[in-house]
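Just below is one structure, and these are the notes that go with it.
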Amino acid sequence: MGYVFDYSWLADYWGVLLKGVLVTAELTLVGATLGVSLGVACAWARSLGPRWLKPIVATYVELIRNTPFLIQLFFIFFGLPSLGVQMSEIQAALLAMVINLGAYSCEIVRAGIQATGQGQFEAGWSLGMTRFETFRYVVLIPALQKIWPALSSQIVIVMLGSAVVSQIAAEDLSFAANFIQSRTFRAFESYIVATLIYLALAILLRQLLRGVGFVLFPRRSGR
Amino acid sequence: MSLIEITDVRKSFGANEVLKGIDLNVEPGEVIAIIGKSGSGKSTLLRCINGLETINSGSIQVAGAQLAPDELHLKALRLKVGMIFQSFNLFPHKTAGQNVMLSQMVVKKTPKPEAEAMARKMLERVGLAHKFDAYPDELSGGQQQRVAIARALAMQPMALLCDEVTSALDPELVQEVLAVVKELAAEGMTLLMVTHEMRFARDVCSRVVFMHMGRVHEIGPPAEVFGAPKTPELRQFLGAQH
Ligand SMILES: Nc1ncnc2c1ncn2[C@@H]1O[C@H](COP(=O)(O)OP(=O)(O)OP(=O)(O)O)[C@@H](O)[C@H]1O
Ligand SMILES: [Mg+2]
């Protein structure tokens, strides 16, 4: 029990940490925005879209939900270049996160659509709206409201899961922690600091998503 | 030419033929009550008229708009007939005013100020001008149904389909909705309403349709249908009403 904590390295390495935090934040914000958009599009396709599209989306969703994120990341970063697609580490990391979140949020949003009564669709249609307009203006917001807590959790999971992108040398927060401990040999302290920062980011992200919910859903209760 | 022309319409759900050849012509300004036992096909008939159900054969035409399953035809038809549901179906995330504005802006591309002016006018017509900014869950059932009526009217339809519009309401709220419907009738709106309010049907309607087992079993002015029913089925049905 004679371990002596030493945080003096923070003075030299805070810049590295900050850069890592910014990369993780950027990956999360851009990845979540694009990922949820993809998820909503897929949820529409799978529950209301043309018949030929449904099996394609279903295959994508099941493929992603039943394979590890790390393998998906490697496939994109190491696999795609052999098909001639070149990407930076960050681009590959972002793409992997979008594809991953797209599949999970598809199923979450779909549950919200299914929980919306048929009467809402019929009200939209009987007012002359097309099927798509009814989805867009009538069904989508109440459906999102119903599943917003689940979707928020999934986004936080993706943010935390983004730690593995350091495996392809995308310079996120966990990459920074790895880097610092390899230079300073203060592994314990490096990962304690990284852990606390992830914790803070997760709490911040949840608050942010709550705020987005308040803006998106003017009404507290959804039917 | 009649406003609504329903010709030999048949509709099955699987092997269950629910409408067995319906013929019905509705003239402009007519108020038609559709009565009949549960399961006789009343709702299905209304839902076929604005394309919420696809028919198996026959034809339906409203003011020259032909029922056909593609979105273009459906939209043209639905601009001619509005529908009021038993369960109101207001959009919960929109205020009363926004409920009335939405389809004007989305479907007719009406600019927002005009849509809003129309919404205020229609809410005023149903006596709810002061509830413009209220959300559906802040309104009583009767008020919600009146907003639903305003929402349909804002699209300026030539006819309204009403499916048991007071059945989900507490008894004390029924009259305020019926009063609005009565006023529409007086203003010359063409109405096709499924109803259990026999008194209302007798007072307001020009003709009463008695449906039985997927057919128009008897049809005529209320005095005849209620006063001198011709068929034993109608007599039995009327006898069962209190
Ligand atoms: N979507 C559906 N799928 C299968 N069967 C249906 C469907 N909708 C209605 N039916 C059947 O069609 C028949 C007529 O139903 P409909 O709702 O038109 O009756 P109704 O006269 O409106 O009755 P009620 O007074 O109870 O509202 C019923 O036997 C019903 O079970
Ligand atoms: Mg019915």
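For this structure, a couple of remarks:
- Of all the criteria given as (1) under 25 Å from B:SER206 (Cα atoms); (2) within 12 Å of chain A (Cβ to nearest Cβ), the one not satisfied by B:PRO136 is (1).
- Counting only residues that are over 21 Å from A:PHE69 (Cα atoms) and within 16 Å of the chain's Cα centre (by Cα), the stretch A:142-196 holds 4 of them.
- Only residues that are closer than 30 Å to B:ASN50 by Cβ and surrounded by fewer than 23 Cβ atoms within 10 Å (Cβ to Cβ) were counted across the stretch A:82-112, and they come to 1.
- Considering B:ALA185, B:ALA150, B:ALA179, the condition of being assigned to a helix (DSSP H, G or I), under 16 Å from B:MET122 (Cα atoms) and free of Cβ contacts under 8 Å to residues at least 12 places away in the same chain is satisfied by B:ALA179 alone.
- Within the stretch B:66-77, considering residues that are in a helix (DSSP H, G or I) and open to solvent by 20 Å² or more (accessible area, probe 1.4 Å), the one nearest to ligand 2 (Cβ to nearest atom): B:LEU74
- Restricting attention to the stretch B:3-44 and to residues that are within 8 Å of ligand 1 (Cβ to nearest atom) and charged (D, E, K, R), the residue that is surrounded by the fewest Cβ atoms within 10 Å (Cβ to Cβ) turns out to be B:LYS37.
- Considering (1) farther than 29 Å from B:SER40 by Cα; (2) assigned to a helix (DSSP H, G or I); (3) more than 20 Å from the chain's Cα centre (by Cα), the lone condition that B:THR110 does not fulfil carries the number (2).
- When each of B:GLY82, B:GLY97 is tested for being open to solvent by less than 20 Å² (accessible area, probe 1.4 Å), in contact with a helix residue (DSSP H, G or I) (Cβ under 8 Å, 6 or more places away or on another chain), under 30 Å from B:LEU234 (Cα atoms) and more than 16 Å from ligand 2 (Cβ to nearest atom), the lone residue that passes is B:GLY82.
- Residues satisfying the stated conditions in the stretch A:41-81, i.e. loosely packed, with under 14 Cβ neighbours inside 10 Å, in contact with a Phe, Trp or Tyr (Cβ under 9 Å, 6 or more places away or on another chain) and part of a helix (DSSP H, G or I): A:ARG65
- Flag if B:ARG120 is more than 13 Å from chain A (Cβ to nearest Cβ), within 28 Å of B:ILE34 (Cβ to Cβ) and in a helix (DSSP H, G or I): no
- Qualifying residue in the stretch A:148-170 (condition: at pLDDT 95 or above, within 14 Å of chain B (Cβ to nearest Cβ) and open to solvent by less than 50 Å² (accessible area, probe 1.4 Å)): yes
The values are calculated or read from the model by the stated rules, or taken from the named source; none is laboratory data. Everything numeric in this text was worked out from a predicted model, so none of it was measured. Here the Cβ is made from the backbone with ideal geometry for all residues, glycine too, and neighbour counts use every protein chain on show. Surface accessibility is based on the protein's heavy atoms, side chains included, excluding ligands, DNA and RNA. Shrake-Rupley method; radii C 1.70, N 1.55, O 1.52, S 1.80 Å.
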